[in-house]
1. Out of C71, T59, S39, whose Cα points farthest toward the positive end of the dipole of the chain (charges: +1 Lys, Arg; -1 Asp, Glu; placed on Cβ)?
2. What 222 nm value per residue comes from the helices of the chain, counting each DSSP H run with n ≥ 4 as -39,500 (n - 2.57) and dividing by all residues, nearest 500 deg cm²/dmol?
3. Which longest run of the chain has no exposed loop site in it, a site being trypsin sites (Lys or Arg not before Pro) in a DSSP loop with at most 12 other beta carbons within 10 Å, and the site itself not part of the run?
4. Give me, ordered by chain and number, the residues 5 or more places off H76 or on other chains with an amide H under 5 Å from its own placed amide H.
5. With viscosity set to 1.002 mPa s at 20 °C, what whole-number translational diffusion coefficient in µm²/s follows for the chain from Stokes-Einstein and a Kirkwood radius over Cα pairs?
6. Using the crude model of +1 on Lys and Arg Cβ and -1 on Asp and Glu Cβ, and no other charge, please compute the dipole size for region 14-63 relative to its Cα centre, in debye to 20.
7. Could you give the size of the charge dipole of the chain about its Cα centre, using +1 on the Cβ of each K and R and -1 on the Cβ of each D and E, expressed in debye and rounded to the nearest 20?
8. In the chain, how many lysine pairs have Cα atoms under 22 Å apart, counting only pairs 8 or more places apart or on different chains?
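Every number in this text was worked out from the coordinates using simple rules, so none of it is lab data. Everything numeric here is computed off the predicted structure, so don't read it as measured data. No Cβ is skipped: glycine too gets one built from the backbone with ideal geometry, and neighbour counts run over all protein chains shown.
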Amino acid sequence: MPISQDLLEILICPACRAKVELKEDASALVCQNCGRSYSIQDDIPSMLIVEECPSCKQTAMMQVEGENLKCPECGHTYPIVPSSKSQVPG
Ligand SMILES: [Zn+2]
Ligand SMILES: [Zn+2]
C-alpha cells in the first residue's frame, strides 16, 4: 500500500494540473491529460517535470509558464499538452 488514496486525491500533474492516476505496478503516477509520468521512490512521488528538451535535447527540470513549459538550459518554450490533444476553446 505505497500511496494512500487520500494522497492520490490531492495530487495533480505539475504541468497541466490534471489529476494523476497510479500506474498498475504502482511504480509511477501517470497524467491522463498530457501523458507525463512521475516516478515513485520510497513511497514518495516525484512531482517534477524532468524531461528531454525538444530543442536542445538536454534533460532538465522544466518550468511552467502559463500554457507552456520552459527549458532552463536554452530558454525554449513548448506546449504542455501536445497540440493534437489540446482542446480548442469555445
Ligand atoms: Zn499532465
Ligand atoms: Zn532546451
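1. C71
2. Values: 1 runs with 6 residues, N = 90.
Computed ellipticity for the chain at 222 nm equals -1500 deg cm²/dmol.
3. With trypsin sites (Lys or Arg not before Pro) excluded where exposed in loops, the chain gives 18-56 as its longest stretch.
4. Hits under the 5 Å cutoff: C71.
5. Taking Rh from Cα pairs, D becomes 154 µm²/s.
6. On the way: 5 positive and 7 negative charges, 60 e Å.
In debye, rounded to 20, region 14-63 gives about 300.
7. 380
8. Close lysine pairs under the 22 Å cut-off: 5.
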